[in-house]
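Note sheet for the following structure.
The values are calculated or read from the model by the stated rules, or taken from the named source; none is laboratory data. None of the values given here were measured: they were computed from a predicted structure. So basically every Cβ, Gly included, is an ideal-geometry build from the backbone, and we count neighbours across all protein chains shown. For accessibility, only protein heavy atoms count, side chains too; no ligands or nucleic acids. Shrake-Rupley method; radii C 1.70, N 1.55, O 1.52, S 1.80 Å.
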Amino acid sequence: LVDGFAEEEPKAVDRLRYFYCSNLPPRWLIARDLAKQLIQLGVVKSALDIFSDLQLWDDVIECLQMLGRHGEAERLVRDRLAVHETPALLCCLGDLTKDPEHYTHAWELSSRRSARAQRSLGLLYLRQGKYKECVEHLQLSLSVNSLQEKLWFTLGCAAMNIDDLPLAAQAFHRSVTLEYDHFEAWNNLASVHIRMKQKAKAHKILQESLRCNFEKWQIWHNFMLVSTDVGEFADLIQAVHRLADLNPKQLDNEVLKILTDAIVGNIPDARGTLGKQCSIVLGSLHF
């Protein structure tokens, strides 16, 4: 389609007859889409050539970074900054030099509206293990653009590292609101509620996590332990079943003893179901 713009046939007179009804996008837009598709296919060098022809410098810099040509990318950024300073270019320079001053400059240049500048600052501090500073900058980024689902997850992880559990719970909740099938966010949200002594809520959250990923033994292991703590014997038996299939080495003998004692003692679970009613299901387990 891109090459078709340069073809001599049909003549321009014939093409113009269909100009308004074809709604054909401009050549540069189609070429840019082609370059982005090439990047997804791993053909970064060809994408770089297209972006260079179109003078889309932000994309050119990104391609150079992907190719490991960081020195060339930095020279290009500085050359473009000498022509005109933009927050995006300053953020690119910050990515290349790991200097937080460039992100700060981009933030001020954008009149404090560049979500990327604060996001990059937060991620830089995250890599340095400065979680408190990381949280502050990620929150600023999300205050500008709250639709960054992956950044909500990162904020939740950073908040857990500084033991700000309410903030972590809020961040993971926003993450799964924007991306429901993010099972890791569901799992981390359950962990936060466990640390907040809210195991009944954690139990329901782990059920959502399992809906998103039925094959992860780590989630089933957590589900088994939490089901034991809240007295959900039916869910506990299901977790033991599944864990026996996925990773039997992770079965907990103490948990199995608690379940067996509950059945032998006919102890009711959280729903009022007597333990002996679970004996048939428990007897079908094979290890």
If I go through the stretch 33-52 residue by residue, how many of them are under 16 Å from G68 (Cβ atoms), in a helix (DSSP H, G or I) and not β-branched (V, I, T)?
3
Can you list residue pairs whose Cβ atoms sit under 7 Å apart, with the first residue in the stretch 81-106 being free of Cβ contacts under 8 Å to residues at least 60 places away in the same chain and the second being open to solvent by 40 Å² or more (accessible area, probe 1.4 Å) and among the aliphatic types (A, V, I, L, M)? Count only pairs 6 or more apart in sequence or on different chains.
E85/L109; P87/L109; L90/L109
Residues in the stretch 115-131: is at least one farther than 18 Å from Q65 by Cα, of a type in the set (K, R), free of Cβ contacts under 8 Å to residues at least 12 places away in the same chain and open to solvent by 20 Å² or more (accessible area, probe 1.4 Å)?
yes
Which of the residues spanning the stretch 142-192 are aromatic (F, W, Y) and in contact with a His (Cβ under 7 Å, 6 or more places away or on another chain)?
F153
Could you name every one of the helices (runs of 4 or more DSSP H) located completely within the stretch 179-285 that has at least 1 residues being at pLDDT 85 or above?
183-195, 199-212, 217-230, 233-246, 253-264
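Report whether or not W57 is open to solvent by 60 Å² or more (accessible area, probe 1.4 Å) and among the hydrophobic types (A, V, I, L, M, F, W, C).
Criteria met by W57.
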Could you tell me whether any residue of the stretch 129-152 is more than 17 Å from the chain's Cα centre (by Cα) and of a type in the set (S, T, N, Q)?
yes
